[in-house]
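Contents: one structure, followed by commentary.
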Amino acid sequence: KGVSLWGTHNLGIGYQFQRGLYSGVRDRSGPHYTVPGTNALGDPLTSLVGGAAGAVGQPLNAALALRLQSSTCQLCPLMLIPGDPTVSAFGTGWRRVSLQQTRGEFGIPAFATYNNYHAYYAQDTWRFNKYVTAILGLRGEQERIVGNPGSTGKRVAYSFTDQWAPRLGVTIDPTGKGNTKIFYNFGRFFEYIPLDLAERSLSAEKDFTGGRFAPDFVIGTGLFAGQRVAVINSFGTVNPILDSAHLLSGTNNSAAHPAVCPGPNCGLSNALSISAQDPSNPILPGTKLGFAQEHIFGFEQQLPKNFVFSIRYQDRRLKRIVEDAAVVSPESISLFGQTYFIGNVRANLDAAHNLIGTKYASGGPVPAGCDPTLVVDPVTDTFGNVLGAICYKTGSGDPGGDGLADGFPNPIHIYRGVEIELNKRFSDNWQLLSNWRISKLNGNYEGHFRNDNGQTDPAISSLFDFTAGDFNLLGDQFKAGPLNTDRRLVSNIYASYEFTKDKGFGAIAGLNLGGGLHMESGVPLSKFGAHPAYLNAGEVPIGGRGSLGRSPFFTQFDFHADYPWQLTERAKLSFIADFFNVFNSRPVRLIDQNFETQAGVLNPDFTKPSSFRAPFNMRLGMRLEF
């Protein structure tokens, strides 16, 4: 609607509705097994890990990893490790091994989830006069996410409401002639949460991980008389048997079960864990959608000969996020299990009783004031190095606020950049597009998708699943630094020229030649350790983000040519040629940044190239126009 009042107004309103649907079945290849009730020595699983009562007897799918153990684990079968000892991560010879379950879910495997998204906005483009124009807008959004029906048949759902996003833009033309522009834009942008959250967190996904099992074995004879010797199958690996008689995981006190404790990795990386969601609704009341805020300042000037020069500064910051979290440290997971909640994670969040722990020397007396049943001794890193012991007070980790912040950091994601452009519209047979951007991306949180380890779990990544704890097992995960897509310099120059008869070109009239030069600086390279509780690679930055420097600077030159052949008045055949990376620049694009392939296993390819730039390549084609 157009209105005249102290200038001219162009008013607009709008509404959008969107529904997303996502259904399927969670599973893994291979047979299912039942979570055993005891370990090989008859210890009840409920005494070994918190929350086990709900897991015992449940059917489970599993992902397993072969783990090397020391000679102290007499219940771990012997296996002959062949190969070159300089390249084998396990060494060679007869070694004791176990199978560690790195993933496994129980609960309801089938899911059918959906969401409803509403957006509504009002906007006024207000032209005061020929010098000043403003755009004023307000956008409201809400999203309702609905999970899978649980055992009661009732769906778990949550509505994110009251998200209001103001928008403001002001443009000033100081001369009123339309060839100069000074502008400022402000916007708040809310995230749209995909249904991965509904499938995983609102649909009774429950996890049982960390269990150590003895693979299928026979009792040896001769040199190995009385010893367990692993059975090697036709594929050259071991057979998993996942029952009580083969479950090696014992208590965290190695002195109590020296034969069960699997060698150097007793303690933390041997700890069983049970993780589950709140059966009613894991999303904290009052949780709202995350958002970013952006400020842009700019200047643009029309120059002679159809050139346009512009410069702008952009500042974009995440101000609020939605993530899953649990008030439990990696070293305490075997005691308390892991119950996730979803909320606007930040430094002042108070969603559960803090873990009140006391560190002490491994093997020493339990300090006074501790609950003797809440003891982790020893606490080790992923390579089995003993870091100490810890005990907790009764009530640690209980749900509900205790008046103290839970120990999470503020999520940080700050992008700042300056971009300069010089462009020329096609005239006098040629055109130019060029830009130069200097930017910086700093923080401890990438956003919905993690490029550093490839995790595609928007709003439920692993970054806030644990508090830092007392032994720094999460390394520099919470410390801000250059994020892995931080590229300080990017520059592009593209130009083309068309040969025409009026410029004195005859036989080659119509030939179009173009070149493009792309330059970019490297991205940060980091040293990533495996997760101390989840066990998978590429999780924990060691020594800070960017500790390994940056990938190489890269320059690429591309070339284009096309020539038209007029067949008739109404038909034309064009011959096209594109040449990419003409000088075949092939530096390393990225290196393998995983220090471990899994918890406790060194990666032999660490710092070796994982990808290179694409080599010279070309594309030839013809296009018929009629």
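The values are calculated or read from the model by the stated rules, or taken from the named source; none is laboratory data. Computed from a prediction, not measured in an experiment: that's the story for all the values here. Reconstructed Cβ throughout: ideal geometry from the backbone, glycine too, with neighbour counts over all protein chains shown. Each accessible area value is taken on the protein alone, full model and side chains, heavy atoms only, with ligands, DNA and RNA left out. Shrake-Rupley method; radii C 1.70, N 1.55, O 1.52, S 1.80 Å.
Restricting everything to alpha-carbon atoms, can you work out Rg to Rh for the range 340-498 with a Kirkwood hydrodynamic radius? Working shown, then result.
Numbers: Rg = 24.7 Å, Rh = 20.0 Å.
Result: Rg/Rh = 1.24.
Using θ = phi - 60° in the Karplus curve 6.51 cos²θ - 1.76 cosθ + 1.60, the 3J(HN,Hα) couplings for the range 502-507 round to 5, 9, x, 9, x, 4 Hz; x is entered for Gly and Pro. With both labels modelled 7 Å from their Cα along Cα-to-Cβ, the Phe553 to Asn233 distance reads 5.3 nm.
Computed from the C-beta positions of Ile172 and Asp605 and an R0 of 56 Å, the FRET efficiency is 0.50 to the nearest 0.05.
Over all directions, the projected convex hull of the C-alpha atoms in the range 1-120 averages 17.1 nm² in area. The separation of the range 609-624 from the range 420-443, counted between C-alpha centres, amounts to 24 Å.
Hey, any idea what % of the range 394-510's accessible area is carbon plus sulfur with a 1.4 Å probe?
On the way: 2960 of 5430 Å².
In the range 394-510, the share of accessible area belonging to carbon and sulfur is 54 percent.
Pop the C-beta distance of Val56 and Lys288 into the FRET formula with R0 = 25 Å and round what comes out to the nearest 0.05.
Values: r = 38 Å, r/R0 = 1.52.
It comes out at approximately 0.10.
Taking Cβ atoms as reference points and 10 Å as the exclusive limit, the residues near Ala165 contribute a net charge of +2, counting Lys and Arg as +1 and Asp and Glu as -1. Centre-to-centre, using Cα atoms only, the range 444-516 and the range 30-46 are separated by 47 Å. Evaluated over the Cα positions of the chain, the convex hull gives a direction-averaged projected area, one quarter of its surface, of 38.1 nm². Asp465: net charge of surrounding residues, Cβ under 13 Å, Lys/Arg +1, Asp/Glu -1, itself excluded? Within the 13 Å Cβ shell, the charges total -4. Rolling a 1.4 angstrom probe over the protein heavy atoms with all chains in place gives the chain an accessible area of 47 Å² per residue.
The local environment of Asn484, defined by Cβ-Cβ distances under 9 Å, has a net charge of -1 under the rule Lys, Arg +1 and Asp, Glu -1.
If eta is 0.692 mPa s and T is 37 °C, what Stokes-Einstein diffusion coefficient results for the range 320-361, Kirkwood Rh from Cα pairs, in µm²/s? Write down the numbers at each step before the final one.
Values: Rh = 11.7 Å.
The diffusion coefficient I find is 279 µm²/s.
In this rough spin-label picture, where each label sits 7 Å from Cα along the Cβ direction, the Ala507-Arg19 distance is 6.7 nm. Taking θ as phi - 60° and the Karplus parameters 6.51, -1.76 and 1.60, the scalar couplings of the range 584-596 work out to 6, 6, 10, x, 5, 7, 9, 10, 6, 9, 8, 5, 10 Hz in sequence order, x denoting glycine and proline.
As an exercise, use a Förster radius of 56 Å and the Cβ-Cβ distance of Glu569 and Asp27 to find the FRET efficiency, rounded to the nearest 0.05. Display every interim value, and only then the final one.
On the way: r = 64 Å, r/R0 = 1.14.
Taking R0 as 56 Å, the efficiency between Glu569 and Asp27 is 0.30.
P(r) for the range 95-153, from all Cα pairs and a bin width of 10 Å, is 14, 20, 17, 15, 14, 10, 7, 3, 0 %, short bins first. Note on the chain: helix-only mean residue ellipticity at 222 nm, from DSSP H runs of 4+ residues weighted -39500 (n - 2.57) and normalised by residue number, equals -500 deg cm²/dmol. Solvent-free Debye calculation, one equal scatterer per alpha-carbon of the range 498-551: log10 I(q)/I(0) at 0.18, 0.20, 0.27 Å⁻¹ equals -0.73, -0.79, -0.97. Equivalent ellipsoid of the range 450-496: semi-axes from √(5λ) of the C-alpha gyration tensor, largest first, are 34, 15, 7 Å.
Spin-label model, Phe299/Asn410: points 7 Å from Cα along the beta carbon direction are separated by 3.2 nm. Based on Cα atoms of the range 128-239, Rg over Rh with Rh as the Kirkwood radius reads 1.49. Normalised Debye scattering of the range 302-411 at q = 0.10 Å⁻¹ gives log10 I(q)/I(0) of -0.43, counting only Cα atoms as equal scatterers and leaving out solvent. So what is the relative contact order for the chain, in percent, with contacts set as C-alpha pairs under 8 Å and at least six apart? Relative contact order comes out at 10 percent.
The slack between Thr394 and Val588, meaning 0.36 nm per residue of separation minus the straight C-alpha distance, is 64.5 nm.
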